[in-house]
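S.K.: Got a structure here, written out as structure tokens. Questions coming.
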Amino acid sequence: MNGGIREILLAAAIVVLAAFVPLVVNPYWLSIGVTAMMYIALCTSWVIFSGPTHYISLASGAFFGVGGYLVATGMSDYELSFWLMAAVSPFVALVLAGLIGWATLRLSGVYFVIFTLGLAEMIRNLVSWIQNNFLGSRGLYVLTDFTEAHIYWMLLGIAAVVYLLGWWVNRSRIGFALKIIGNDESVAKHVGINTATSKIILFMTTGFFAALVGAVIAPRYSYIEPNQVFSPELSFMVVIMALLGGAGRLWGPIVGVIPFTLVWEWVSIKMPNQTTMLIGLIFLLIVYVLPHGIVGRLEQAFAKMREGRH
Amino acid sequence: MKRRTTLKMVAAATLAGTMSMATAAFAAETIKIGAVAPKTGPLAGGATVTQWPNVELWANQVNEAGGLNVGGTKMMVEIIEYDDKTNPGEHIKAANRLINQDKANFIVAPYGTGFNIAAAPIYGKAGYPMVAVSAITDKMDTLTAKFPNLFFTLGTTTSFVEGVKEILVEQRDAGKIGNRVAMVNVADAFGIELSNVAREMFVEAGFELVYDKSYPLGTPDLSPVMKGAKAANPDAFVAWSYPPDTFGLAKQAIIEDLDVSVYYSAVATSFPAYFGANGSKIDNVLGAGGTNVDDPKIAAYRKAHEEVTGKTADYWASANTYAALEVLGQAIEGAGTLDRDAVTDYIKNNSFDTVMGELNFEDNVSYKFWTVGQWQDGVFRGVKGVNVDGAVPVRLKNGWK
Amino acid sequence: MDIIVSGLLLAGTYALVAMGLNLQYGVARIMNLANGEVLVLGALAAFWLYLNAQISPLLTIFMVGPIAFVGNWLIYRFLLTPLVRRSKNQGQLEVDSILATFGMSFFLVGIMISIEGGFFAYTYLSEPISILGSTSSLNRLVAFLMAVLIGGSLYLWLNHTRPGVAVRAVAVSTEASGLVGIDVPRISALAFALGGAVTAVGGSLISTFITLDASVGVVFTMKALIIVIMGGVGEIRGAIVAAIILGVVETAVATLIDPGLTLAAAYLIFILILLFRPEGLFGRRAT
């Protein structure tokens, strides 16, 4: 238990340090910071589910969109407050994730991946159809007084909560169950673990937090268009950063997000047409060279060092 | 991607300058103007036709004339370009980069309503004037109240639709068409807004919407839409569409030989490529925008556009985009300084001589733009507009051959 | 009637593409998420050659097919075989192949964007024709006929030639095939290459009547996957039936309800299959 407390204190210290960022950097680096913090929250939440189960979820974009879209619709068409919508939308995503999980997680991982692949696209179409035929909107404006710093702090808060959740899950029965499922599902079933329910519950948390992040980011864009918030690209970015860092550890995503964001920025400036190819290359890199991410490699290296000493 | 498009200009001018009376400050000082817009992604097609060539043309024209006269000193303009990949997150980063890293003096307003609104708070906080073109919204009062540095030049959503409604009403009152209207729209923010406004307006004007459907942005197969519209036996067809579907619908209309006397599709109908892809088959098709090619200023502008950029200007927002840049340039000269607040103030309170004629802003909005144009014998001429001259009469569509 | 005719025409080309994925997933056991991009590459080739060299897409497919065959074979041999070798079970191979082919798909999209960033818009055989009283365009009919021709030949090859039968055997069981002396790695490579070739040809055909662009591959991957799973992995007949169902349902939904719901309809079908018959219409329960 001691090690666990130490981990928490370390994490808390990092959070406090991170909170000072908006006060010391210029707005350009802050905007990069906001993007990075957004992905840290999304990727850590993703790892909570996909890490132990090895189910590659591409649904982040769909849930993120639900968050942003509900906030925008609520504020723009129904004059509801940001806080209300930001609180409501994650629960909507929770239910949605529950339904999806129930339908697909009882089968093998491949079906799940395929299903989530087109999910953002499909929900976008569905939502646009509903909006067009039943809601009749005059544009989704999210005009608030939040500054980049406010959004950064909100995202930092979410990331911290997600991390805490992950830490708690790892030590709980569900976490234990999932680790076993990840290693061998039939063993888990024989031991009496309700594999389906465990998977579904954790998948629901991913949906919850992705939607919350989407809701919080909406004020940054001020004008929400369905094809921007329901972005399949976002799903891919979450997966690639999480895997790059390493899905085996809760802090893997942080190790993945920060360098990736910086490299992405650099490539965007110098060779903007090549960013898609960059994603492809990094994916291939992950599969062939870093199957357990950077964290995995680092841990291997440490293990070897320790072995070498004996 | 940084591109110093004017480097050659600066070099040539420096040489000329040193041969006459050059001041030491001449060669070193340029006005940095940032421009972030899509070069890749879904909106890149539109930006490549309407936005980027005009940025290039304006910078070229200004520097050919020796630069802008800033309080007695002639300064060249230097454009710093970034591709936002049609992604608001990227756009925000690039905007911040321009302000903080590149220290741009001024910026070219973004392309696309969503991007203008996303960038408004950032540029607003830093005090950059934004003379927006491709930003069409009904919320101008709210937005200009919140962002006093934001200026609009292409009209509201309502006026956008109004032009089409007027045409329908006129033709019906003249007995040329009945009141059956088939309306489709792209199910994205812009299309949904437009169709909502239109639905109310058309119904109020006594029209019957015999077909009223939307399709997702990027639908590759529009034949069910066109078949459905045709089966409803409409007198007029109105599509609140974006470039890919504007083109796709035209193809389908030709195949189905849609028998309507009024056919309208929205964005990109005014692109030269629309005529290029379909030729005389799309004669008498109506679309968003329009321009008066007989106006000498416009004619000269189009000629220069072709010569300098090698591309044909579109028949709608191209001229407005160029005019917006002229406004910026004249405001800098008029204020006589690079101080952004002074320039913003100047824009608010003065009038400008542009290719669109004389422009001035009332509460940050300029009311001089075309709303509907029509392809007539290979030229897309303006037929409806606000405060513009040279509208030609509307012709009826007669088959797709 | 309109719907049935349009739906069938659409299904023809869908079937061809699904057959390609069936070979790759059902035989080589590679969940190829770059399938849609291979399709779009075929479309790009047809577009580019038509626009620049006025070569009819119907001729282009004879170039596209072999090139795609070789390309996919190389991909299998050099990029995917290492994954096959290092995976301890089918599950891990699937995850690895998903990620690897995913990376490949981005790479391909990036390449395609640098060749042609806009839409592959060209008009080919766009004349209206009448089939059984309903209007359609000539290009759809031609694409349909070509798809039937190619699909039919593939079917005959799989059932009446030695290599074809070997391919089917590997689809049923890799261990059993190995035991009877079939060179499983070679057959897998062959199947993967063949699958890629068929998909690319399908892409060239589709591009004659649907305007594609570099980023639209993922939607086609989705639909191909839905068809393959609906028909039963490894089952060619199943894929054809599933393609017809999807084609007709999509057209029906677009015409009768709303064009915006076609993808949702496809998803609905997918969910129903997953809930009630996950092995597919013609498939057998996994052992």
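S.K.: So which residues in the stretch B:129-152 are closer than 25 Å to B:V49 by Cα and either among the aromatic types (F, W, Y) or not assigned by TED's automatic domain parsing to the domain that holds B:T30 (or both)?
M.R.: B:F151, B:F152
S.K.: Do any strands (runs of 3 or more DSSP E) entirely within the stretch B:203-269 hold 3 or more residues that are surrounded by fewer than 24 Cβ atoms within 10 Å (Cβ to Cβ), and if so, which?
M.R.: B:208-215
S.K.: Output yes when any residue across the stretch B:147-164 is among the aliphatic types (A, V, I, L, M), within 11 Å of another protein chain (Cβ to nearest Cβ) and open to solvent by less than 40 Å² (accessible area, probe 1.4 Å), and no when none is.
M.R.: Checked the stretch B:147-164: no residue is among the aliphatic types (A, V, I, L, M), within 11 Å of another protein chain (Cβ to nearest Cβ) and open to solvent by less than 40 Å² (accessible area, probe 1.4 Å).
S.K.: Is there a residue in the stretch C:80-93 that is more than 10 Å from chain A (Cβ to nearest Cβ), under 25 Å from A:S50 (Cα atoms), part of a helix (DSSP H, G or I) and without any contact (Cβ under 8 Å) to a residue 60 or more places away in the chain?
M.R.: yes
S.K.: Just to be sure I understand, how many residues within the stretch A:132-142 are at negative phi and touching a helix residue (DSSP H, G or I) at 6+ places or on another chain (Cβ under 6 Å)?
M.R.: Counting residues in the stretch A:132-142 that are at negative phi and touching a helix residue (DSSP H, G or I) at 6+ places or on another chain (Cβ under 6 Å) gives 6.
S.K.: I need the full set of residues from the stretch B:281-300 which are open to solvent by 50 Å² or more (accessible area, probe 1.4 Å), within 26 Å of C:L51 (Cβ to Cβ) and away from chain C (no Cβ under 14 Å), in order please.
M.R.: Once the filter is applied, which keeps residues that are open to solvent by 50 Å² or more (accessible area, probe 1.4 Å), within 26 Å of C:L51 (Cβ to Cβ) and away from chain C (no Cβ under 14 Å), the stretch B:281-300 yields nothing.
S.K.: To continue, here is another question. (1) outside any helix (DSSP H, G or I); (2) within 30 Å of B:E193 (Cα to Cα); (3) within 9 Å of another protein chain (Cβ to nearest Cβ): which one isn't true of A:T144, the others all being true?
M.R.: Every condition holds for A:T144 apart from (3).
S.K.: Residues that are surrounded by 20 or more Cβ atoms within 10 Å (Cβ to Cβ) and of a type in the set (A, V, I, L, M): which helices (runs of 4 or more DSSP H) entirely in the stretch A:7-103 hold 2 or more of them?
M.R.: A:27-53, A:60-78
S.K.: Looking at the stretch A:2-29, I want the residues that are in contact (Cβ under 8 Å) with a residue 24 or more places away in the chain and have a partner that is of a type in the set (D, E) with Cβ atoms under 9 Å, at least 6 apart or on another chain. Which pairs are those?
M.R.: Every condition considered, the pairs that remain are A:P22/A:E148; A:P27/A:E148.
S.K.: Specify which of the listed residues (C:L125, C:L99, C:L108, C:L58) is buried (at least 22 other Cβ atoms within 10 Å of the Cβ), of a type outside the set (S, T, N, Q) and either at positive phi or at pLDDT below 85 (or both).
M.R.: Checking each option against the conditions leaves just C:L99.
S.K.: Taking the stretch B:304-348, which residues are of a type in the set (A, V, I, L, M, F, W, C) and either open to solvent by 30 Å² or more (accessible area, probe 1.4 Å) or farther than 20 Å from B:I107 by Cβ (or both)?
M.R.: B:A304, B:V308, B:A313, B:W316, B:A319, B:A335, B:L338, B:A342
S.K.: Does A:F146 satisfy being modelled with pLDDT under 80, aromatic (F, W, Y) and open to solvent by 40 Å² or more (accessible area, probe 1.4 Å)?
M.R.: It is false that A:F146 is modelled with pLDDT under 80, aromatic (F, W, Y) and open to solvent by 40 Å² or more (accessible area, probe 1.4 Å).
S.K.: Every residue in the stretch C:146-164 that is touching a helix residue (DSSP H, G or I) at 6+ places or on another chain (Cβ under 8 Å) and open to solvent by less than 50 Å² (accessible area, probe 1.4 Å), please.
M.R.: Once the filter is applied, which keeps residues that are touching a helix residue (DSSP H, G or I) at 6+ places or on another chain (Cβ under 8 Å) and open to solvent by less than 50 Å² (accessible area, probe 1.4 Å), the stretch C:146-164 yields C:M146, C:A147, C:I150, C:G151, C:L154, C:L158, C:N159, C:G164.
S.K.: Would you pick out the residues in the stretch B:41-90 that are of a type in the set (S, T, Y) and surrounded by 23 or more Cβ atoms within 10 Å (Cβ to Cβ)?
M.R.: If the condition is that a residue be of a type in the set (S, T, Y) and surrounded by 23 or more Cβ atoms within 10 Å (Cβ to Cβ), then B:T50, B:Y82, B:T86 are the ones that fit.
S.K.: So which helices (runs of 4 or more DSSP H) are wholly in the stretch B:7-101 and hold at least 1 residues that are β-branched (V, I, T) and modelled with pLDDT under 90?
M.R.: B:7-19, B:44-50
S.K.: Separate question: Might you check whether a residue that is over 18 Å from C:D258 (Cα atoms) and in contact with a helix residue (DSSP H, G or I) (Cβ under 7 Å, 6 or more places away or on another chain) occurs anywhere in the stretch B:228-235?
M.R.: No, there is no match, as no residue in the stretch B:228-235 is over 18 Å from C:D258 (Cα atoms) and in contact with a helix residue (DSSP H, G or I) (Cβ under 7 Å, 6 or more places away or on another chain).
S.K.: Just to be sure before I move on: is B:V169 assigned to a strand (DSSP E or B), among the aliphatic types (A, V, I, L, M), free of Cβ contacts under 8 Å to residues at least 40 places away in the same chain and at negative phi in the structure I sent?
M.R.: No, not satisfied.
S.K.: Name, by its number, the condition in (1) within 14 Å of chain A (Cβ to nearest Cβ); (2) open to solvent by less than 20 Å² (accessible area, probe 1.4 Å) that does not hold for C:V233.
M.R.: (2)
S.K.: When the stretch C:214-223 is examined, which residues are found to be hydrophobic (A, V, I, L, M, F, W, C), more than 10 Å from chain A (Cβ to nearest Cβ) and in a helix (DSSP H, G or I)?
M.R.: Residue satisfying the conditions is C:F220 alone.
S.K.: Report yes if C:L190 is touching a helix residue (DSSP H, G or I) at 6+ places or on another chain (Cβ under 8 Å) and either buried (at least 24 other Cβ atoms within 10 Å of the Cβ) or closer than 27 Å to B:A250 by Cβ (or both), otherwise no.
M.R.: Against the criterion (touching a helix residue (DSSP H, G or I) at 6+ places or on another chain (Cβ under 8 Å) and either buried (at least 24 other Cβ atoms within 10 Å of the Cβ) or closer than 27 Å to B:A250 by Cβ (or both)), C:L190 does not qualify.
S.K.: Still on this structure, please answer the following. Quick check: is even one residue across the stretch C:137-145 among the aromatic types (F, W, Y), out of contact with any helix residue (DSSP H, G or I) (no Cβ under 6 Å at 6 or more places or on another chain) and open to solvent by 20 Å² or more (accessible area, probe 1.4 Å)?
M.R.: Within the stretch C:137-145 (the criterion being among the aromatic types (F, W, Y), out of contact with any helix residue (DSSP H, G or I) (no Cβ under 6 Å at 6 or more places or on another chain) and open to solvent by 20 Å² or more (accessible area, probe 1.4 Å)), the answer is no, since none of the residues qualifies.
The values are calculated or read from the model by the stated rules, or taken from the named source; none is laboratory data. Please read all numbers here as calculations on a predicted model, not as lab measurements. No Cβ is skipped: glycine too gets one built from the backbone with ideal geometry, and neighbour counts run over all protein chains shown. The area values use the complete protein model at the heavy-atom level, side chains included, leaving out ligands, DNA and RNA. Shrake-Rupley method; radii C 1.70, N 1.55, O 1.52, S 1.80 Å.
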